[in-house]
Each structure stands twice: as C-alpha cells, then as structure tokens.
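A.B. asks: Can you keep this structure in mind? I'll have questions shortly.
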Amino acid sequence: MSSERLTRNFILLRALRWLPVGLVLPFLVLTPVDRGLGLGAVGAVLAVHSAVLIVLEVPSGALADTFGRRRVLLVGAVLTAASLGTFAVAQSVPAFMASLAALGTGRALISGALEAWYVDSLRALDPAAPLTRGLSRGTAAEAIALGLGALGGGAIVSLAHPSEVAEGALAGYGLAALVGAGAALVYLGAVAALVHEPPHEAHLQDAGHTAARRMRAVFATARSEIGASVTVRVIFTTAVAFGFAMSTVELLWQPHLAEQLGGDAHHGFEFGALAAGSMLAVAIGAWSSPRLRGRLGLRLGYLSALGLVAVSTALLGAPDTSVAFIALYLATYLSYGLVEPMHVELLNEAVGSEARATLISGESLASQGGALVANLSVGALAAAEGTATAWAVAGALLAVTGVLVARPLRRGLRQQAA
C-alpha cells in the first residue's frame, strides 16, 4: 500500500467515524426531553458520558497498544452502533445512561487508536513522511462529516415526520438515531476492510498492568509539570471552566430553541442546520485566530477571545426571538474557535516533548471534569431558575476565571521566555 492510499483510507475512516454521531447530535438532548425526562435527568445522563471519558481517557490507549489498534477500533465501532440503537428506543433514565455510557466507551476506544494506527503505518511505509497533511485533512473530514450528519439527521426528522406514523424507535427523533446506528455499522465494515496491522499476542492482564503504569505516569508527570509551570496551571484551570461553560451551552440550547420555535413540529431541519452551522462557526473562528493573535499577541489575544466566549455564553438567554438567539449561539461557537488554537499553543509551548502527550491527556481530563460538573448541576439549575440564569452563571464563571488567570499567565510566559 502506498502512503497516499493509506492517507486516503485514514481520512475516510475519520469521516465515517463521526458521521453516526453527527446524525444524532442535533437531538441528543431533545430526544430524552421529548420522552419525558427533565433537564436535571438529562444532565445526569450526559454526566455518564463525561465520566466514562474521564475514566477511559488513558486506559483505552493502553488497550490499543497491548491488543492492537484494529481490535480496539472494531470494538469501539460495535459499541457506537449499539449505543445509538439503544438511544433510539430508550424511554427511561437507565436506558439513556446505558446508551451514553456505551457511546463514551466507543469514543474513548476509537479516538487515539485510529490516529496511532495511521501514524505507525505511515512511518512503516516511509519514515520521513510528513504527518501534517494526513492529520489536518482527517480533522477537516471529521468536521465535514459531523456537519453533513447533522444536516442529514435534521432532514430525516423533518421530511419523514416519523411521529405521525410510528411509535418507539421510529417516533420523534429516534429515527435519526437508528440511521446513525446503521452508519456506525458501515464504519465497522470500513475498519474491518481497511485497517491492517501485525498480530498482537496479549492477555487482558497485560493490558491492565500497562494501563495502570500509564495512569501512574500520567498523574506523576502532570503533577510535576503543573508544579513547575505557571502556564500549565493556567491552562488546566481554564480548561475546567471552559468545559463547564461549553457543556452548559450544549445541554440547554436544544430545549431552549424548541421552546422559542413553539408548535408541535419537530423542527428537525432547523436543528440540524444550526448544529452544522455551529461547526462552521468554529472553523471560521479557528481560521481567524492567527489574525487575532498577530494583532494582540498570544496572551491578550487568548484572554480577549476567552472574554468573548464568556460574554456570549452569559447573554444566550437574553434574546426574545429565535433569530437573535441563533445569531448569538453561532457567535459563541465562533468565539470558541478563536480560543482553541491559542489554548493549544499555550499548552504545547509550555511543556517539553517528553511530557507533551501526557499533558494533553491531562488537559482533556480537566475539561471533561468541568463538563461532568456542569452536566450534574446545570440541568437542575435551569429547571429551577431558567436557562437564562444557567447560561449567565456559566458565562460569569468563565469570565471570572479569565480575570483570575490574566496576571499568572503573564508571569508564566515571562518564565518561559527567561
């Protein structure tokens, strides 16, 4: 196999991996709400997803290294299909929790394993081959697949009017999840056909020991780097607040917009288009981020973009019309796109190569920790005080965090330059 063909296969697999999620993404909150769950219960369901990702962030990599990337990818694809099939028919909190737990497990198994397979396979074909082209195109393919999936899921719900002809999985938003489960089976077949690697002989006990060693290494290295670098402490602190704020947005936007649109229609196309639009907004923000950094510098550019996310999040509950809300919602995601490249740059510039992967995992754990807290608390807050209050709290928390880290960030950057 040539390196070009390998890269094409990798890009295709990245797209097929996220297409099933894109199909259900616009209705991830609306589906359980439509079936009688309150926002507090939905938050608890989503908290299961965050908790699973936190627990499996590091061990999943050890499983892939020990048993082989292909095996882990196949299991992850099966779990994704099973999770979306369960989501389509779920009617209770335990059923939705089981679905999101399986979805989180599949996501954790797939994420690092697919990239690791590609890098190792490419290096085996050509040790000098650049990674940037394949990885960047794979990221673009993910965004496109999520956007197309969101549009497709919205069209399915809008055009089929499933609630009028059936009950259960074919009612309401369940049909989009069923199609997502089918798309996950297509991904399973693609993994089986396209991913090849030397056989791995290993036992579950080996994977357990490897995972335990890696967990200890992650936390030991993270403690060391956090203690030595002010910038790393700033990034980890901001990641917690950022995870909290963005999870609050994700949890509440669907029921809030549904209430504004009103009526008995499912508005599937509108939700699908907005979910796709939010991904486009992130891409535009990320494309514009270097220009903001060039004008203001890394520190001021980062803090300014962080402030934009905080303000737009805090004001999400203010618009009285759906058009104004949609505009502000897209502005929130555009601001997120502005922040993310500078956030990643700050972390990577603050750590050495020997600790880079560990600290990236640590930052992801910090963000998921913030998301977990949001999912457990914000639903109840919104049910009691309204979505506007919940968004105001999330935005205020992020704004206060930005103010608190401003001076330490300056000190950390000076520490790095010294």
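A.B. asks: Collect the residues in the range 94-148 that are closer than 22 Å to Glu4 by Cβ and either free of Cβ contacts under 8 Å to residues at least 40 places away in the same chain or in contact with a strand residue (DSSP E or B) (Cβ under 7 Å, 6 or more places away or on another chain) (or both), keeping them in residue-number order.
C.D. replies: Matches in the range 94-148: Glu115, Val119, Arg123, Ala124, Pro127, Ala128, Pro130, Leu131, Thr132, Leu135, Ser136, Ala140.
A.B. asks: Has the range 10-17 got any residue that is open to solvent by less than 40 Å² (accessible area, probe 1.4 Å), over 26 Å from Leu175 (Cβ atoms) and charged (D, E, K, R)?
C.D. replies: The answer is no, given that none of the residues of the range 10-17 is open to solvent by less than 40 Å² (accessible area, probe 1.4 Å), over 26 Å from Leu175 (Cβ atoms) and charged (D, E, K, R).
A.B. asks: So in the range 43-96, with the set limited to residues that are more than 30 Å from Trp117 (Cβ to Cβ) and open to solvent by less than 40 Å² (accessible area, probe 1.4 Å), which one is nearest to the chain's Cα centre (by Cα)?
C.D. replies: Looking at residues that are more than 30 Å from Trp117 (Cβ to Cβ) and open to solvent by less than 40 Å² (accessible area, probe 1.4 Å), I get Ala47.
A.B. asks: From Gly40, Gly106, which residue is modelled with pLDDT under 90 and either aliphatic (A, V, I, L, M) or open to solvent by less than 40 Å² (accessible area, probe 1.4 Å) (or both)?
C.D. replies: Numbers: Gly106 fails: modelled with pLDDT under 90.
Of the residues listed, the single one that is modelled with pLDDT under 90 and either aliphatic (A, V, I, L, M) or open to solvent by less than 40 Å² (accessible area, probe 1.4 Å) (or both) is Gly40.
A.B. asks: When only residues in the range 124-144 that are more than 16 Å from the chain's Cα centre (by Cα) and in a helix (DSSP H, G or I) count, which is surrounded by the most Cβ atoms within 10 Å (Cβ to Cβ)? Quick ask: steps written out before the conclusion?
C.D. replies: The first filter runs over the range 124-144 and keeps only residues more than 16 Å from the chain's Cα centre (by Cα), leaving 124-137.
Still in the running and in a helix (DSSP H, G or I): 124-125, 132-137.
On the way: Ala124: 13, Leu125: 14, Thr132: 7, Arg133: 13, Gly134: 23, Leu135: 18, Ser136: 11, Arg137: 16.
Across the range 124-144, the extreme among qualifying residues is Gly134.
A.B. asks: Sticking with this one: Can you name the residue in the range 226-285 that is charged (D, E, K, R) and over 22 Å from Gly370 (Cα atoms) and, of all such residues, is least open to solvent (accessible area, probe 1.4 Å)?
C.D. replies: Only one residue tops the list, namely Glu270.
A.B. asks: Which ones in the range 2-57 are outside any helix (DSSP H, G or I) and at negative phi?
C.D. replies: Ser2, Leu28, Val29, Arg35, Leu37, Gly38, Glu57
A.B. asks: Restricting the search to the range 55-98, which residues are hydroxyl-bearing (Ser, Thr, Tyr) and in contact with a His (Cβ under 9 Å, 6 or more places away or on another chain)?
C.D. replies: Of everything in the range 55-98, just one residue is hydroxyl-bearing (Ser, Thr, Tyr) and in contact with a His (Cβ under 9 Å, 6 or more places away or on another chain), namely Thr66.
A.B. asks: Say whether the condition of being out of contact with any Gly (no Cβ under 9 Å at 6 or more places or on another chain) and over 23 Å from Gly412 (Cβ atoms) is met by at least one residue in the range 241-248.
C.D. replies: Looking for residues that are out of contact with any Gly (no Cβ under 9 Å at 6 or more places or on another chain) and over 23 Å from Gly412 (Cβ atoms), one finds none in the range 241-248, hence no.
A.B. asks: Can you tell me which condition Thr313 does not meet? The list is (1) surrounded by fewer than 17 Cβ atoms within 10 Å (Cβ to Cβ); (2) closer than 21 Å to Ala366 by Cβ; (3) in contact with a Leu (Cβ under 8 Å, 6 or more places away or on another chain), and all the others hold.
C.D. replies: (1)
A.B. asks: Tell me, which residue of the range 322-350 that is open to solvent by 50 Å² or more (accessible area, probe 1.4 Å) and touching a residue at least 60 places away in the same chain (Cβ under 8 Å) is farthest from Ala417 (Cα to Cα)?
C.D. replies: It comes out as Ile326.
A.B. asks: On the given criteria, is Ala228 among the hydrophobic types (A, V, I, L, M, F, W, C) and closer than 30 Å to Ala382 by Cβ?
C.D. replies: Details: among the hydrophobic types (A, V, I, L, M, F, W, C): yes; closer than 30 Å to Ala382 by Cβ: no.
Here the answer is no, as Ala228 does not meet what is asked.
A.B. asks: Considering (1) at pLDDT 80 or above; (2) surrounded by fewer than 19 Cβ atoms within 10 Å (Cβ to Cβ); (3) assigned to a helix (DSSP H, G or I), say which one Ser121 fails and leave the rest.
C.D. replies: (2)
The values are calculated or read from the model by the stated rules, or taken from the named source; none is laboratory data. Worth saying up front: this structure is predicted, and the values here are computed from it rather than measured. All Cβ positions, even for glycine, are placed from backbone atoms using ideal geometry, and neighbour counts span all protein chains on display. Ligands, DNA and RNA are stripped out before the accessible areas are found, and what is left, the full protein with its side chains, is counted by its heavy atoms. Shrake-Rupley method; radii C 1.70, N 1.55, O 1.52, S 1.80 Å.
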